[in-house]
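The values are calculated or read from the model by the stated rules, or taken from the named source; none is laboratory data. The model shown is predicted, which means the values in this text are computed figures rather than measured ones. A quick note on method: Cβ atoms are made from the backbone with ideal geometry, for glycine too, and the neighbour counts reach across all protein chains shown. Remember, those area values only see protein heavy atoms, side chains included, never the ligands or the DNA or RNA. Shrake-Rupley method; radii C 1.70, N 1.55, O 1.52, S 1.80 Å.
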Amino acid sequence: MKKAIGLLLLAGLVSLPAAAKEYKVQKTEDIQKTLAFADPSGSREIMVDNIFGSITVEGYSGKDIMLTIRKTIKARSQAILELAQREVKLDITTEGRSIDLYVDGPFRDQDEDGRQNWRNPGYQVHYDFDIKVPQRIDISLKTVTEGDIVVNGVEGDFDVRNVNGKVTMTEMTGSGRAHTVNGAVKVVFRRNPNENCSFKTVNGDLDVYFTDNLSADFQLKTFHGDMLSDFPVKYLPLKSAPQGERKSGKYVYKGNRFVGVQTGRGGPEMTMDTLNGDILIHKR
């Protein structure tokens, strides 16, 4: 039975309505590639930077990157579809011990102040990635909308970020961060991390599974949800005192609302932060 760390009001998840778009033409293309590392020795890394679409990564016993992509173009007319084919490209860079997959297009453009200045020209280009990678590899995965990120069986550090979609990672052995905005985050460790980790969303639950004999320090925060643990915990003192600010002759203090708890003897810091959702620390 889970032990309640703190009780807060559980609210429904906030959903963001999608803008309706009418696309009259569509083209789908399947792409398959095998990518070899220029330098296969030592630690390796794969980076995927997507915009529309999902990313699925599976660790396997081979040494190369096995890439399968479903590319889908949706457009308001055939002429606009042909424009999308010219403007949106997948750049693949292989250098040393890293492979970089980067979806490029006008949506990457910024003005002089660094703000996005792209306006929808009447098309969307989706890249749904299905990738097999060597088990021992560091991963950096990003997508924005209309797709989840799923990772299984990777023995390396991770930097995984989504915006409108879930993050699900299973049989992991490394350390890193798994963040999204609108969606749940679930991470299952086959071996407990030995470095700091961060798990974060705004609208969704955080479910993280650890093995026995967990020793870690947790920083936990949720505004509308429960915080529960399968492991016995003890409370930690505040990391820092609330910062005071003088207003109208009075000091106003603002805390960061994190709850610090420790399992076992303590160890690497696990930060778990959500706004509308539960925080659940599971024992496998």
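Look at the range 216-245: where a residue is over 24 Å from Gly267 (Cα atoms) and modelled with pLDDT under 95, no partner that is surrounded by 20 or more Cβ atoms within 10 Å (Cβ to Cβ) and among the hydroxyl-bearing types (Ser, Thr, Tyr) sits 6+ places away or on another chain with Cβ atoms under 6 Å. Going by the conditions given, is Ala84 out of contact with any helix residue (DSSP H, G or I) (no Cβ under 8 Å at 6 or more places or on another chain), open to solvent by 50 Å² or more (accessible area, probe 1.4 Å) and among the aliphatic types (A, V, I, L, M)? The answer is no for Ala84.
On the basis of being open to solvent by less than 40 Å² (accessible area, probe 1.4 Å) and modelled with pLDDT of 95 or more, does Ile31 make the cut?
Values: open to solvent by less than 40 Å² (accessible area, probe 1.4 Å): yes; modelled with pLDDT of 95 or more: yes.
Considered against the rule, which asks whether it is open to solvent by less than 40 Å² (accessible area, probe 1.4 Å) and modelled with pLDDT of 95 or more, Ile31 comes out as yes.
So, in the range 163-179, of the ones that are assigned to a strand (DSSP E or B) and of a type in the set (D, E, K, R), which residue ends up farthest from the chain's Cα centre (by Cα)?
Going residue by residue through the range 163-179, those that are assigned to a strand (DSSP E or B) are 164, 167-172, 176-179.
Then keep just the ones that are of a type in the set (D, E, K, R); that gives 171, 177.
Numbers: Glu171: 16, Arg177: 7 Å.
In this case the residue turns out to be Glu171.
Selection over the range 156-177 of residues that are open to solvent by less than 30 Å² (accessible area, probe 1.4 Å) and under 15 Å from Ser54 (Cα atoms) gives a count of 5. Looking at Phe218, Phe129 in this structure, which one is of a type in the set (Phe, Trp, Tyr), assigned to a strand (DSSP E or B), within 30 Å of Lys71 (Cβ to Cβ) and open to solvent by less than 30 Å² (accessible area, probe 1.4 Å)? Among Phe218, Phe129, only Phe129 is of a type in the set (Phe, Trp, Tyr), assigned to a strand (DSSP E or B), within 30 Å of Lys71 (Cβ to Cβ) and open to solvent by less than 30 Å² (accessible area, probe 1.4 Å). Within the range 71-81, the set of residues being surrounded by 15 or more Cβ atoms within 10 Å (Cβ to Cβ) and more than 20 Å from Met47 (Cβ to Cβ) comprises Thr72, Ile73, Lys74, Ala75, Arg76, Ile80, Leu81.
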